[in-house]
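Just below is one structure, and these are the notes that go with it.
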Amino acid sequence: TKTISKCYVQVTGMTCASCVANIERNLRREDGIHSILVALMAGKAEVRYNPAVIHPSAIAELIRELGFGATVMENCSEGDGILELVVRGMTCASCVHKIESTLMKTNGVLYCSVALATNKAHIKYDPEIIGPRDVIQVIKDLGFTTSLVKKDRSASHLDHKQEIRQWKRSFVVSLVFCIPVMGLMIYMMVMDSQLSDAHAHHNMSNKEMEALHSSMVLEYQLLPGLSVMNFLSFLLCVPVQMFGGWHFYIQAYKALKHRTANMDVLIVLATSIAFVYSFVILLVAMAEKAKVNPVTFFDTPPMLFVFISLGRWLEHVAKGKTSEALARLISLQATEATIVTLGPDNVLLSEEQVDVELVQRGDIVKVIPGGKFPVDGRVIEGHSMVDESLITGEAMPVTKKPGNTVIAGSINQNGSLLISATHVGADTTLSQIVKLVEEAQTSKAPIQQFADKLSGYFVPSIVAVSVVTLFAWIIIGFVDFEIVEKYFLGYNKSISAAEVIIRFAFQASITVLCIACPCSLGLA
């Protein structure tokens with residue numbers, strides 16, 4: 001007997017089914033090559049050859065001569081089939097041992113482990129020698145009932161509905177409270193500029209007097225040191241901090257628990273410090289019954305949260321779109337297959353319905369008119385038209401006759417076909433497409449990885465810079481008070497110099513934190 005080895009070759013540059021046919025046709029003619037199977041989506045060729053006549057490197061060279069890129073894949077365990085079964089009727093450890101030892105003796109089973117507690121069996125096998133149905137039969141012969149672990153075909157793990165809802169809610173809450181805060185802020189700015197003009201000219205028109213009064217309404221102190229403006233801003237800021245920022249706080253807490261600093265940590269830091277500082281400054285002003293209203297930063301958190309939650313919401317909407325497409329793809333897969341046994345001269349002897357997962361390579365599958373092809377295969381008998389638009393986008397049905405390849409998920413139209421399964425389970429074209437899309441979704445864009453890495457260094461350095469700012473201004477203040485006096489607006493002599501310095505230093509460092517919070521980075 002001739003020994004037959006198997007190797008896998010990674011093939012690049014294939015664009016369509018005719019490339020596959022081209023490689024298969026040309027290589028079959030070569031000496032020492034027993035059979036070849038090429039998977040287009042996976043870009044992989046499985047070659048069985050006679051090692052006495054030809055070597056894998058020579059096979060790759062042959063493919064290269066046809067104009068494709070080819071490299072031999074080392075230690076490729078892709079060939080192993082994995083089977084998850086639910087086994088009923090086991091009562092004790094000896095049942096487990098009986099199943100395991102019998103399966104391990106079976107030719108083609110590479111590994112087997114049975115768990116009594118969960119009634120589950122995990123089996124690795126070589127699909128060349130044995131198939132899932134044979135394994136199930138072995139277990140049945142031992143007197144146990146067994147069934148496949150049902151796979152979740154709904155692609156629910158790709159659902160972004162909950163995240164979309166959560167970020168949308170977060171965005172709307174922040175926006176509702178952000179608009180009035182922004183309004184107040186802009187109004188104050190305009191008023192301030194008008195006031196300074198008025199002071200410059202000393203002769204106020206009636207209109208400017210009115211403007212002065214209306215601006216005074218916002219500056220009016222409800223309690224000593226607490227102006228209407230600050231009180232309103234505080235009220236509007238609390239719900240945003242609580243509800244709008246809720247998810248950021250959770251994420252930031254998780255990140256800090258693992259000793260990492262991500263975008264969320266910075267956002268939370270900037271908003272919390274701005275909020276807490278403003279709140280404390282208000283309390284201090286009220287305690288001192290200050291005449292001049294302190295400068296607060298209540299406008300920072302709502303605006304930051306609005307922009308960032310909008311960004312996150314849009315991101316999840318985009319992800320949800322690809323997931324929908326994926327879910328549709330997954331739903332195209334057939335769930336059952338009709339396997340037939342052929343006698344001499346292709347006479348039908350028997351047929352049975354089985355789960356798609358149980359179809360083995362080399363099985364003869366019957367597909368009736370209007371049925372879906374459960375697996376990729378080759379037509380053995382019958383003529384028909386097939387709608388392959390799901391894979392190729394080709395609206396016109398394609399004629400299929402013996403020898404043609406068919407794609408899983410495409411729809412048979414008018415004739416009954418018998419096909420021989422070539423790619424089953426995770427190797428079908430459809431499964432490969434689903435896998436590619438899933439991988440594309442889970443992997444990060446290089447720029448995104450870079451941004452995450454940067455923000456790892458960025459967060460500590462920004463915090464450091466703002467702390468430096470704080471101490472620098474405190475030192476400057478105590479050395480040369482006049483500089484602080486020049487920049488600190490609304491300094492009135494009733495407050496001690498030390499307090500003015502500290503307040504000013506805090507204001508400067510918070511400003512640094514808030515401005516450096518890389519909103520632009522996060523949004524981008």
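What to note about this one:
- Count - residues of segment 316-329 that are touching a residue at least 12 places away in the same chain (Cβ under 8 Å) and open to solvent by 20 Å² or more (accessible area, probe 1.4 Å): 7
- Boolean, K291 is assigned by the TED database to the domain that holds L269, of a type in the set (K, R) and assigned to a helix (DSSP H, G or I): no
- Residues located in segment 391-425, provided they are in a strand (DSSP E or B) and either open to solvent by 50 Å² or more (accessible area, probe 1.4 Å) or hydrophobic (A, V, I, L, M, F, W, C) (or both): V398, T399, T405, V406, I411, L417, L418, I419, A421
- Some residue of segment 55-62 being among the aliphatic types (A, V, I, L, M) and either under 30 Å from G393 (Cα atoms) or not in a helix (DSSP H, G or I) (or both): no
Quick grid of which residues meet (1) under 26 Å from K6 (Cβ atoms); (2) modelled with pLDDT of 90 or more; (3) open to solvent by less than 50 Å² (accessible area, probe 1.4 Å); (4) part of a loop (DSSP other than H, G, I, E, B):
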{"position": "M104", "(1), (2), (3), (4)": "yes, yes, no, no"}
{"position": "T118", "(1), (2), (3), (4)": "no, no, no, yes"}
{"position": "I129", "(1), (2), (3), (4)": "yes, no, no, yes"}
{"position": "R153", "(1), (2), (3), (4)": "no, no, no, yes"}
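- Residue pairs whose Cβ atoms lie under 6 Å apart, separated by 6 or more positions or on different chains, with the first residue in segment 173-188 and over 12 Å from L304 (Cβ atoms) and the second not in a helix (DSSP H, G or I), are M185/D299.
- Selection over segment 349-381 of residues that are of a type outside the set (A, V, I, L, M) and closer than 16 Å to N414 by Cα gives a count of 7.
- Taking the listed residues S35, S57, the one that is of a type outside the set (A, V, I, L, M, F, W, C) and open to solvent by 70 Å² or more (accessible area, probe 1.4 Å) is S57, with no other qualifying.
- Out of E65, E46, sole residue that is charged (D, E, K, R) and open to solvent by 50 Å² or more (accessible area, probe 1.4 Å): E65
- Among (1) of a type in the set (S, T, N, Q); (2) on the phi > 0 side of the Ramachandran plot; (3) within 38 Å of the chain's Cα centre (by Cα) - the single one N346 does not satisfy: (3)
- Qualifying residue in segment 297-309 (condition: at pLDDT 80 or above, closer than 17 Å to W246 by Cα and open to solvent by 60 Å² or more (accessible area, probe 1.4 Å)): yes
- Filter pass, I99 being in contact with a helix residue (DSSP H, G or I) (Cβ under 7 Å, 6 or more places away or on another chain) and either within 26 Å of A115 (Cβ to Cβ) or not assigned by the TED database to the domain that holds Q10 (or both): yes
- Residue under evaluation L148, criteria (1) closer than 30 Å to N119 by Cα; (2) open to solvent by less than 90 Å² (accessible area, probe 1.4 Å); (3) at pLDDT below 75, criterion not met: (3)
- Taking the listed residues T271, T260, the one that is among the polar types (S, T, N, Q) and open to solvent by 20 Å² or more (accessible area, probe 1.4 Å) is T260, with no other qualifying.
- Beta carbons closer than 6 Å, at least 6 apart along the sequence or on distinct chains, pair a first residue in segment 27-44 that is without any contact (Cβ under 8 Å) to a residue 24 or more places away in the chain with a second that is part of a loop (DSSP other than H, G, I, E, B) and open to solvent by less than 40 Å² (accessible area, probe 1.4 Å) for G32/N50; G32/I54.
The values are calculated or read from the model by the stated rules, or taken from the named source; none is laboratory data. Because the structure is predicted, anything quoted here is derived from the model rather than measured. Neighbour counts run over all protein chains shown; Cβ positions are idealised from the backbone, glycine included. With ligands, DNA and RNA removed, areas are computed over all heavy atoms of the protein, side chains included. Shrake-Rupley method; radii C 1.70, N 1.55, O 1.52, S 1.80 Å.
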